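Colleague: The structure that follows is given in the form of structure tokens.
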Amino acid sequence: MKPDDHRSMREMLGAFALGHLSAAQETGVRAHLDGCADCRRDLAEISPLAHELGLVDVNRISATPTPSPDLGHRIQAAIAGERRHRDQVTRRRRVVLAAAAVAALLLVGGAGIEMGKQIDGPPVAVAPIEPVAVQSRLDSVQASAGLVAHTWGTEIKLEAVGLRSGSSYAVEVMTDDGRTRSAGAFVGTGGQVMNCNLNTDVLRPDATGFRVVDERGRAVLTADL
Ligand SMILES: [Zn+2]
């Protein structure tokens, strides 16, 4: 038994007692406990504390006065083990978030059929984005859009720049039977590029166009579909 091994196992006893170790770590600790009377004795002392440690915020017990220096040391060892475990969980969560961010970037780029891959799941088909030409009625406004045909309606992914900052704009979708349906509203962002996803209950085959209307009822952007 290497002394290093004993030290690292001893540091994990707190997390072990709290049941927070991975299956592999737990197996390692159990194997070490079989051959190490010191660690078995430590565990026997830590176990009653573990229940209480599990109920309190470990960050709040840093310099709590303790009955004996030895006991304090054991609590700190248990906390250190627990902290290390939490760091590992945080790191794992960060990796998952990073993977999700990469997946999101892949989905945003370009039009056409795209395949997304769920983390830890089978590949799923992502609806294609249909590019749409948007006409601007104002020289100061530029915009483009993409449509996504959903089973529940149509999603308009609108990118625009130059719409008056702080002003409200309504988006309306025209249908082939002459109706006009709302696709929601947004606030202009001036010189900053605005990316806004607008949803309507009009199914894609029924939609013949959409327009963005300002507070005075003027259509500032129009698109024929
Ligand atoms: Zn040991």
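Colleague: With every protein chain kept in place and ligands, DNA and RNA left out, what is the accessible area per residue of segment 127-224? Probe 1.4 Å, answer in Å². Present the calculation step by step, with values, prior to reporting the outcome.
Modeller: Details: 5180 Å² over 98 residues.
It amounts to 53 Å² per residue over segment 127-224.
Colleague: Between Ser144, Thr175, Ala127, whose Cα lies farthest towards the positive end of the dipole of segment 127-224 when Lys and Arg beta carbons carry +1 and Asp and Glu beta carbons carry -1, centred on the Cα centre?
Modeller: Ser144
Colleague: Using 0.36 nm times the number of residues separating Ser144 and Thr208, minus their current alpha carbon distance, what extension gain do you get? List each step's numbers first, then the result.
Modeller: On the way: separation 64, 0.36 × 64 = 23.04 nm, distance 1.66 nm.
Here the answer is 21.4 nm.
Colleague: Name the shape class, rounded, prolate or oblate, that the alpha-carbon gyration tensor gives for segment 131-177, where a ≥ b ≥ c are the square roots of its eigenvalues, rounded holds for a/c under 1.5, and otherwise prolate holds if a/b is larger than b/c and oblate otherwise.
Modeller: prolate
Colleague: Quantify, in whole percent, the carbon and sulfur part of the accessible surface of segment 1-42 (1.4 Å probe; protein heavy atoms only).
Modeller: 51
Colleague: Whenever you get a sec, compute what percent of the accessible area on segment 127-224 sits on carbon and sulfur atoms (1.4 Å probe).
Modeller: Its accessible area is 47 percent carbon and sulfur atoms.
Colleague: Now for a different question. Show Asp5, Asp214, Asp201 ordered by accessible area, largest first, where the area counts protein heavy atoms only and the probe is 1.4 Å.
Modeller: So the residues, ranked largest to smallest area, are Asp201, Asp5, Asp214.
Colleague: Which chymotrypsin sites (Phe, Trp or Tyr not before Pro) in segment 136-220 pass both tests, a DSSP loop state and at most 11 other beta-carbon atoms within 10 Å?
Modeller: Passing sites in segment 136-220 are Trp152.
The values are calculated or read from the model by the stated rules, or taken from the named source; none is laboratory data. None of these values were measured; they are calculated from a predicted model. Glycine gets a Cβ as well: all are built from the backbone with ideal geometry, and neighbour counts include every protein chain shown. We work out accessible area using only protein heavy atoms, side chains counted, and drop any ligands, DNA or RNA first. Shrake-Rupley method; radii C 1.70, N 1.55, O 1.52, S 1.80 Å.
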